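Okay, so here's the structure we're looking at.
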Amino acid sequence: MIRVSDAVIDASNALREFERGVGEAGAIVSFTGQVRPVSAAGDVSSLTLQAYSPMTERGIERALHQAQEKWPLAGAHILHRTGEMQAGETIVFVATASKHRRAAFEAADFLMDYLKTEAVFWKKETTDQGEAWIEPRQDDYQDAARWQEEKVD
Amino acid sequence: MVKVIYFGRLSDVTGVDEEVLDLPDGVETAGALRNWLDLRFEAGGALLEPTVRIAINSEICFDSTSLDQAIEIALMPPVGGG
C-alpha cells in the first residue's frame, strides 16, 4: 500500500494496521522518519514537501515492485507526507513483512534509500537562517548506490 | 491553453507555482518552451539547466518532444528525496 498525502502520519497506528494486514508473516520491520529539529542550516521551524502526483506514486510503485522481486515479501506499506510539517512530525513510514528478518530489514532499507534520493519530492527547509530548497546529501546517494553495486556483482 | 507547473526552487525564480498559458506561435517543443519561459521570467538560464527536466502530462520528455498533446507541463529541478 502506497499513500502520499498531506494527512498526518501516526506511525504507531500505521504499524498496528500493517501488522493486522500481514497476519503471521514471521518478521516485520518498520521505519519512521521524522523532521529533525536542527539541520546544518540551523534550528528548523518547518519542512515543506512537494510531490507531483501521479509521477511520485508511480516511482514509488516501481521501487516497491523491485523490492518485491528482490525479496520474498508478505507485504509492504509506504506512507509519505507532503505539505508543511513541524519538527518531530513523521515524514515517512515504511513497513515490510517477510518470513525471515533479513529480507524485511533489507527491503525496508532499499525502499528508504529510494525515497531519500530518487523519489519525486522537492523539499524546502525553513530555519532561523531563512528558507532553502534541499537536495539529497552525498551520503544518501552512496546509500542508494549500494543496491546498484550488488546488482552488478 | 496549457497548465505549466514550476516545482521546487523554480517557483522562487518564476514567482508562481503554476499558471495557465496560451503558448505563442513558434513554441512547439519542450525545448522551445524552456527558452521562451527563461526569457519571459528573466531567469538568466535557471530554466535552461540540463538538470531541470520537463514532463508533459506527467511523463518526462526530451527537449525535442512536441507540445502537441500537452495539457499539463511540469518543469522539474533535481528531486530532493523525502
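The values are calculated or read from the model by the stated rules, or taken from the named source; none is laboratory data. This one's a predicted model, so the numbers in the text were calculated from it and none came from an experiment. All Cβ positions, glycine included, derive from the backbone under ideal geometry; neighbour counts span all protein chains shown.
Tabulated data
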{"read-out": "Residue within the stretch B:23-39 that is within 14 Å of another protein chain (Cβ to nearest Cβ), crowded, with 17+ Cβ neighbours inside 10 Å and in a helix (DSSP H, G or I) present", "value": "no"}
{"read-out": "Selected residue [surrounded by fewer than 16 Cβ atoms within 10 Å (Cβ to Cβ), touching a Pro at 6+ places or on another chain (Cβ under 8 Å) and over 21 Å from A:Pro136 (Cα atoms)] from A:Lys70, A:Lys99", "value": "A:Lys99"}
{"read-out": "Long-range neighbours under 6 Å by Cβ, at least six apart or interchain, first residue outside any helix (DSSP H, G or I) within the stretch A:2-15, second aliphatic (A, V, I, L, M)", "value": "A:Ile2/A:Ile60; A:Ile2/A:Ile78; A:Arg3/A:Leu79; A:Val4/A:Ala51; A:Ile9/A:Leu79"}
{"read-out": "Test: A:Leu79 is within 25 Å of A:Glu24 (Cα to Cα), within 12 Å of chain B (Cβ to nearest Cβ) and not in a helix (DSSP H, G or I)", "value": "yes"}
{"read-out": "Residue match in the stretch A:25-43 (condition: part of a helix (DSSP H, G or I), touching a strand residue (DSSP E or B) at 6+ places or on another chain (Cβ under 9 Å), touching a residue at least 40 places away in the same chain (Cβ under 8 Å) and of a type in the set (A, V, I, L, M))", "value": "no"}
{"read-out": "Residues located in the stretch A:86-141, provided they are within 21 Å of A:Glu57 (Cβ to Cβ), polar (S, T, N, Q) and away from chain B (no Cβ under 14 Å)", "value": "A:Thr96"}
{"read-out": "Residue within the stretch A:51-58 that is farther than 13 Å from B:Gly80 by Cα, within 9 Å of another protein chain (Cβ to nearest Cβ) and in a helix (DSSP H, G or I) present", "value": "yes"}
{"read-out": "Qualifying residue in the stretch B:70-82 (condition: at pLDDT below 95 and more than 14 Å from chain A (Cβ to nearest Cβ))", "value": "no"}
{"read-out": "Flag for A:His65 being at pLDDT 95 or above, over 24 Å from B:Val13 (Cα atoms) and in a strand (DSSP E or B)", "value": "no"}
{"read-out": "Filter result for A:Lys123 (touching a Gly at 6+ places or on another chain (Cβ under 7 Å) and part of a helix (DSSP H, G or I))", "value": "no"}
